[in-house]
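Down below is the structure, laid out as structure tokens.
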Amino acid sequence: MSKFTQIVTALGLFLAGVGVWAHYRGLEGPAPQWRLAESLAAKNDPRAEVLYAQAAEKGSRAAMWLLAQKALNKPTGPDYPQGAFWLRRAALAGHAEAQARLGQLYAQGLGVAQIPHLATHWWRAAAIQGRREAQLRLAEAYSTGVGVPQSQAQALYWLRLAAAKGEPLAQYRLGQALATGQDLPQNLTKSAELWLQAATAGLPEAQRELALLYEKGQGVPPDPQQAHLWMEKAAEAGLAAAQQTLGVYYDSGLGAARDYQKAAHWFQRAADQGHAAAQNNLGVYLSQGRGLAQDQAQAAQWFRRSALSGNLEAQYNLGLMYANGQGLTQDYAQAAYWLKKAAEAGFANAQFFMGAYHEAGGLGGVDQDYALAAEWYEKAADQGLEEAQRRLTAMREAREAFLESD
């Protein structure tokens, strides 16, 4: 071994020893106070907090972090100023978890002024030390440009690090970026791998996305049973979008036996959370008496809720309920209003009915107007609605016959 190598090795061992000593001093010291405080804390002895404070004042990062946690988790409610005080002390001493948490307080303005650039400063400090939650927050900051200059390259850099560390939300979002091909080459196989990791960790959003990949056979071989399994996990976790889709699975029999009662159950769960498509589907089930007792009045209520949220099919269904007087008082003006709303947004069946309204005239204040009727029929026909094409052809033939006989 050369003299130079010996010097370098000795220096390395010395620095390593210093690092271990500094870590021990910062994390645990002063040892007697810390051990006594721990012993008293185990007995719920109030003197423990005094010893923790003494240890913190003498440089114990662990004591600083513990006091911050106690302040932020008080039974009577968080003491954010006190928590921020100890977090700042621990963060300045290099405690990575305290740095990440302090960044969150600065981001939300809890116990400190809301200062985005200080939030990202502390997230970066924690991220460099490998805290995956800080890496995720830093990625979000770069993506939105809050507290740092916007940079998708930096956002992806930190997102990849957090995902590699096993942060489920980072895995989910990186999977999204790969699935959409936005800022990264599209790679559904890699998306499936990332979503599987996040789904296995219990993230409902990833469970739903993974289920959809299995349903469509994208990035993974098609597997209806796996699609149903993961969608059910997400639904049971309370994700409204998954509850709605699981209802569709039971309605169609995808991955499990068709079961209208279970479909109705999941539509109800999602509808109660305000999911517009589920509200419409629940309305359809109530109107038809499928999976539960028929109730036109309840059906109309769910159609209305969904329609007010902008669901086009619900607007169409509510228009028909008004036109037919099902579940509410017959009102052609309201029928025309909701059908026109859905038709103008591009819903083909509603466009067909608006064509029929203008062809007949006199319903709901809609004037007879053959040109406008033909225009609505044509829009519906362009979307493949065969009945609209038949009506359009019949109108043209009738017009030609009229002109020939004139």
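Please treat every number below as a calculation from the coordinates, not as lab data. Worth saying up front: this structure is predicted, and the values here are computed from it rather than measured. Methodologically, a virtual Cβ is constructed for each residue, glycine included, from the backbone with ideal geometry; neighbour enumeration extends over all protein chains shown.
Structure notes:
- For the stretch 346-406 and the stretch 154-172, distance of Cα centres in Å: 54 Å
- Taking every C-alpha pair closer than 8 Å and separated by at least 6 residues, the mean separation divided by the residue count of the chain gives a relative contact order of 5 percent.
- Among the trypsin sites (Lys or Arg not before Pro) in the stretch 240-275, those placed in a DSSP loop whose Cβ has at most 12 other Cβ atoms within 10 Å are ARG258.
- Helical runs assigned H by DSSP (4 residues or longer) give the chain a calculated mean residue ellipticity at 222 nm of -24000 deg cm²/dmol, each run adding -39500 (n - 2.57) before division by the residue total.
- Between the alpha-carbon centres of the stretch 298-333 and the stretch 72-143 there is a gap of 49 Å.
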